[in-house]
Amino acid sequence: MKLKFVELAGVRFGEGLPKICIPLTGGGMPALLSELWAVKHLPADLYEWRGDHYFGSYSEALRALEETLEGKPLLCTVRTKGEGGQAELAPDAYEAFLSGLLDQGGFQLLDIELSCGEERVRRLVEKAHEKGVGVVISRHCFQETPPEEEIFHTLEKMKKLGADLPKMAVMPKSPGDVLTLLSATLRAKERLGPVITMAMGNLGKLSRVSGAVFGSCLTFAAGQSPSAPGQINAEDLRAILEDLDPTESL
């Protein structure tokens, strides 16, 4: 039976408005702390630490984040080059790196890339859940928007692999591609429960604000700067989400 919402670190994903996540991309401790203080006033339900942008002690960074975020959940992401990030890690090294981060702790959710291989994903999911860490399994398509069936079945596979929140991002080349993503999202929400989806770039901005209607339970917003094409300023995003709230007139 599908869940209407998923509760992770005290946040109910899939209930109410889509949750806003602000990525943190500072490359070193001074830049990271400066970024933290600059975005703390913005409307965020959680934050994403892009560890692939960081050069320095991960344990020091995670301690600083934990002290500064004042109890808001942290999603830890080490995005590889093949998925649009900065980390140059082969699949085995990627698994070992994330496993080490789980041993270290200091975050409430972990992003695991589907592209590292299903067996590696299963092992990392199992370890994350043993540590009490929620799991986002992700896939990014920067060149195209796959067919609706492929998007849905990819999200379904992530769910079967143990994802608390399956995530898929695509690159639209036409308005029809955005409709494809939204249709797959609605279908996934109705059959699988909460998912995270987005169409990137300016053409895909509609997908970042329409989650309350089509089913994406989380949307990424720009803090000091966007971490992916098409991200909207956090304050503007919150206002749009509230204005589009389908329950507002009930």
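A short reminder: the numbers here are calculations on the coordinates, not readings from a lab. If you're wondering where the values come from, they're calculated on a predicted model, not measured in any experiment. All Cβ positions, even for glycine, are placed from backbone atoms using ideal geometry, and neighbour counts span all protein chains on display.
Out of the DSSP beta bridges found with both residues in the range 1-147, what percent are antiparallel (nearest 5)?
15 percent
Full-extension gain between SER59 and ASP103, please, as 0.36 nm times their residue separation minus the C-alpha to C-alpha distance.
Difference between extended and current length: 14.8 nm.
What does the charge count around VAL195 come to, taking other residues whose C-beta lies under 9 Å from its C-beta (Lys +1, Arg +1, Asp -1, Glu -1)?
+3
Please list 195-202, 235-242 highest first by mean number of surrounding beta-carbon atoms within 10 Å per residue.
Descending packing order for the listed peptides: 195-202, 235-242.
Grab the DSSP H runs of the chain that are 4 residues or longer, score each as -39,500 (n - 2.57), total them, divide by all residues and round the 222 nm result to the nearest 500 deg cm²/dmol.
-12000 deg cm²/dmol
Let a ≥ b ≥ c be the square roots of the eigenvalues of the Cα gyration tensor of the range 18-243; is it rounded (a/c under 1.5), or, if not, prolate (a/b larger than b/c) or oblate?
Since a/c reaches 1.5 but b/c is at least a/b, the shape of the range 18-243 is classed as oblate.
Compute the separation of the alpha-carbon centres of the range 28-59 and the range 179-213 and state it in Å as a whole number.
Going from one Cα centre to the other spans 26 Å.
Calculate how many DSSP beta bridges within the chain are antiparallel, expressed in % of all such bridges and rounded to the nearest 5.
Here the share of antiparallel DSSP bridges comes out near 10 percent.
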